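Asker: Quick one: the structure is below, questions incoming.
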Amino acid sequence: MHRGTTATRERALTVGEVASLAGVSVRTLHHYDAIGLLSPAARSDAGYRLYGEDDLARLHQILAYRELGFELDAIAQLLTEPADEVEHLRRQEALLNARLERLLAMRRDVRKQMEARKMGIELDPKEMLEVFGDHDPTQHAEEAKERWGDTDAYRQSQARTKRYTKDDWLRIQQEGEEVESRLAELMRQGVPATDARALEAAEAHRQLISRNFYDCGYDIHRGLAQMYLADPRFTRYYEQRAEGLARYVSEAIIANADERAPQG
């Protein structure tokens, strides 16, 4: 039995033409027909399948859902639900957006791992999350390498951090938290940045860097103090903890350096 008018057949495409146009095999189209997923609108007098515009639109929906990972039986169910083409497109866009977000997240994780390896951080993604949480220690890795890659301090830091385990990083995080908390509390109490207690906290800050990353002499420590105010990213890091802390830490570090290693 043949379906469709002569005019419809004149506008129809053969199975081979549709396969070429859609980038699928003729065998795939035969299979879709066999399971009732996509049965062509008409047959030629010789019995060959002829596909019309509605068939091509349905094929587009099928292939879109296949690309999104749906099984054929699930696609058949979706296409039998009452929904027009626009609704199907909206649904596919939502699914694509969700997939895109997952892929972008995966790409961010891969890039973070690459940068972490360059920095010498040998942690897997789970350990990175456990140690650093939402903070991304690799965010400015390329910039750091460009600015300090030729320095002894950078090379020393790279060599040391390559050996660190998750427990080492957690210990370093805890040490840093203790030093910053001490400085923030002194500031909150109104202790001047030049007070001996603030200088002791600043010295603990310097020793933490020397112990865990690179030999941080007083000249280098002064440079860090200046950077905490000159670079908005460092300033913001301290200001998020307590307003005015960036300047307080900077002044305490410089006062400590002047006290222990005065410049000639």
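Asker: Length gain on complete extension for the stretch Gln226 to Ala153, per 0.36 nm per residue less the alpha carbon to alpha carbon distance? Can you show the working numbers first?
Answerer: On the way: separation 73, 0.36 × 73 = 26.28 nm, distance 1.74 nm.
My answer for the length gained is 24.5 nm.
Asker: Quick one: Cα centre-to-centre distance for segment 60-78 and segment 168-224, in angstrom?
Answerer: Taking the Cα centre of each part, segment 60-78 and segment 168-224 sit 59 Å apart.
Asker: Then there is this: Going by how many other Cβ atoms sit within 10 Å of their own, how do Arg11, Arg91 line up, fewest first?
Answerer: Arranged by neighbour count, lowest to highest, Arg11, Arg91 become Arg11, Arg91.
Asker: Please list 69-76, 199-206 highest first by mean number of surrounding beta-carbon atoms within 10 Å per residue.
Answerer: Those peptides, ordered most packed to least, come out 199-206, 69-76.
Asker: Also, I was wondering about something else. So what's the net charge close to Ala255: Lys and Arg +1, Asp and Glu -1, counting the other residues with Cβ under 14 Å from its Cβ?
Answerer: -1
Asker: What FRET efficiency, computed as 1/(1 + (r/R0)^6) with R0 = 25 Å and r the Cβ-Cβ distance, is obtained for Ala98 and Ile35, rounded to the nearest 0.05?
Answerer: Here the calculated transfer efficiency is 0.35.
Asker: Also: If packing is taken as the average number of other Cβ atoms within 10 Å across a peptide's residues, how do 43-53, 221-231 rank, most packed first?
Answerer: Highest mean packing first, the order is 221-231, 43-53.
Asker: Further, regarding this structure: What is the order of Ser210, Ser20, Ser157, Ser250, fewest Cβ neighbours within 10 Å to most?
Answerer: Ser20, Ser210, Ser157, Ser250
Asker: If you don't mind, there's one more thing I want to ask. With label points built 7 Å along Cα→Cβ from the Cα atoms of Glu259 and Glu67, find their separation and express it in nm.
Answerer: 6.6
Values in this text are rule-based calculations from the coordinates and carry no lab data. For clarity, every value in this text was computed on a predicted model and none was experimentally measured. Glycine also receives a Cβ, built like all others from the backbone with ideal geometry; neighbour counts cover every protein chain displayed.
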